[in-house]
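No value in this document is a laboratory result; all are computed from the given coordinates. Here the structure is a predicted model, which is why all the values come from computation and not from measurement. Note that we place each Cβ from the backbone using ideal geometry, even for glycine, and neighbour counts take in every protein chain shown.
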Amino acid sequence: MTDDGGVESKLAEWPGDRVQALIARAAPGDVESAIRRASSGGELSAADLAALLSPAARGSLETMAREAQRLTRRHFGRTITLYAPIYLSNVCAADCLYCGFAAKSGDSHQRLTLDPPGLRVECEALAAQGFQTLLLVTGEAPSVVTVDYLAESVEIAREYFPSVSVEVYSMTQPEYEKLVGRGLEGVTLYMETYDRPCYAKVHPKGRKQDYAARLESLDRAGADGARKLNLWVLLGLFDWRLDGFWLGLHARHLQKQWWRSAVAVSFPRLRHVPARFTIPAPVGDSDLVQLMLGLRLFLPQAGFTLSTRENAGLRDRLIPLGVTHLSAGSSTRPGGYALCGSETLEQFAIEDRRSPSEVARAVAAAGYDPVWKDFDRAFTGF
Ligand code: SF4
């Protein structure tokens, strides 16, 4: 895949019916060739990725798993970085149908935006547990959590954590620049789904409705020097094979375009959703495994993040298949670590309720070193 265009034009080359046809005609021989290409260090094509995500690859999952493990160890060693989120605010003007923070989610728990002293309390609580990598999260309410307040929050968080990323609303280039100037290291921003009709249906309100602006957000962040770029699709919204294919192309575009930044992919599955929403395209455990393996072979140098949305047993089993980052001990509500307990509205219920030290022990038991600091900085020199 060349990188001579924007992400929108690149994805436009791969409409759903074309991808579906590629996946449908993939044969076991195509899967074997893709695995061989990955083993020999070659760059996989879009057709290879389609084959690895196709039903024809079901019989090759063990071979793919061995190759995924080898590639991950080659590029990342035997380390898993642990991180945690701090929810700065659960106020949201958008109404994404699947989300607990949505304006009309029907949940009447308290909405709260942490003030600087409140943020410090939460930072102290997490830092005391050993974390050095933080993700600051807000809903989509730029008039409540302004860009200036986000910049101030990043600066506060940097007093406690060497690595701070944000998962917030889509921003303009000068806005990302402002945050990077105050110490921001990474931007996490999710397309949720790349399928435009599905995207429009589940995002009926707010600036998130603007598909094109959201799609190009990480390019703006990369242009401003964000050193970590993290993307995902929300598994369960649309056919995981198609969304996984588009996600792979988007991630590769970012790797080529912003080669000084580390690109990472997350694998969140919709599990607990507001009562008004039914998960349209549920993703099973074996689907999740195939998606991770296929993307690992296609993106050998991308970080893979697995959150506490998945249960402890599954997370432990997925560790050797390409995971490089795990969240641990997470709270998905503002003030959830020390300030307010469970009074405030949470975004979603987590499945893995182990403490950070219990997760670290599970990582060690799987034969990996749990690391609290992100060593990318040492490798890249930034
Ligand atoms: S997904 Fe984000 S923008 Fe959408 S309702 Fe939830 S917090 Fe708001």
Exercise for review: Tell me the label-point distance for the pair Lys201, Ser286, using the 7 Å Cα-to-Cβ offset, in nm and rounded to one decimal.
Suggested key: 2.6
Check your understanding: Using Cα atoms only, what is the angle between the long axis of helix 285-298 and the major principal axis of the chain, expressed in degrees (0 to 90) to the nearest 10?
Key -> 80
Study note, to complete from the structure: Sorted by number, the cysteines in the chain with no other cysteine beta-carbon under 4.7 Å are Cys92, Cys123, Cys198, Cys340
Point to revise | Under the Karplus curve 6.51 cos²θ - 1.76 cosθ + 1.60, θ = phi - 60°, whole-Hz ³J(HN,Hα) for region 52-58, x wherever Gly or Pro sits | key: 5, 9, 7, x, 5, 8, 4
Check your understanding: Which angle between 0 and 90 degrees, to the nearest 10, do you get for helix 147-158 versus the longest principal axis of the chain when only C-alpha atoms count?
Key -> 90
Study note, to complete from the structure: Per the charge dipole of the chain (beta-carbon charges, Lys/Arg positive, Asp/Glu negative, Cα centre), the residue among Phe348, Ser286, Gly130 reaching farthest to the positive end is Ser286
Practice item. Can you tell me the dipole magnitude for the chain around its Cα centre, using point charges on the Cβ only (Lys, Arg +1; Asp, Glu -1), in Debye to the nearest 20? Key: 680
Practice item. Could you order peptides 247-254, 172-179 by the average number of other Cβ atoms within 10 Å of their residues, highest first? Key: 247-254, 172-179
Check your understanding: Using 0.36 nm per residue, how much length does the chain from Ala127 to Arg70 gain when fully extended, once their Cα-Cα distance is taken away?
Key -> 17.2 nm
Review point. Which of the listed residues, Ala338, Ala103, Ala328, is farthest toward the dipole's positive end in the chain, when Lys, Arg count +1 and Asp, Glu count -1 at the beta-carbon?
Key: Ala328
Check your understanding: Non-local amide H neighbours of Thr81 (under 5 Å, H modeled in plane, Pro and chain starts lacking H): which ones?
Key -> His325, Leu326, Val371
Practice item. Multiply the residue gap between Glu159 and Glu13 by 0.36 nm, knock off their C-alpha separation, and tell me the result in nm, one decimal place. Key: 48.1 nm
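If you average the sequence gap of Cα pairs under 8 Å that are 6 or more apart and divide by the length of region 79-380, what percent do you get for the contact order?
Answer for region 79-380 is 25 percent.
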Study note, to complete from the structure: If one compares the long axis through the Cα atoms of helix 16-25 with the longest principal axis of the Cα atoms of the chain, the angle in degrees, nearest 10, works out at 50
Practice item. Quick one: which residues, 5+ away or cross-chain, put their amide H under 5 Å from the amide H of Ala264? H built at 1.01 Å from N. Key: Leu229, Asn230, Leu231, Gly303
Practice item. Could you check the simple spin-label distance between Thr172 and His272, using points 7 Å along Cα→Cβ, in nm with one decimal? Key: 3.8
Revision key, fill the gap. Scalar couplings 3J(HN,Hα) for region 136-146 by Karplus 6.51 cos²θ - 1.76 cosθ + 1.60 (θ = phi - 60°), nearest whole Hz, x for Gly and Pro, are 8, 10, 9, x, 9, 9, x, 7, 9, 9, 6
Exercise for review: Go ahead and run the numbers for FRET between Gln110 and Ala349, Cβ-Cβ distance against an R0 of 25 Å, rounding to 0.05.
Suggested key: 0.90
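In what sequence, highest mean first, do 275-281, 59-65 appear when ranked by Cβ atoms within 10 angstrom?
Going from most to least packed, we get 59-65, 275-281.
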Study note, to complete from the structure: Sorted by chain and number, the residues with a modelled amide H under 5 Å from that of Leu135, at a separation of 5 or more or across chains, are Ala84, Ile86, Ser165
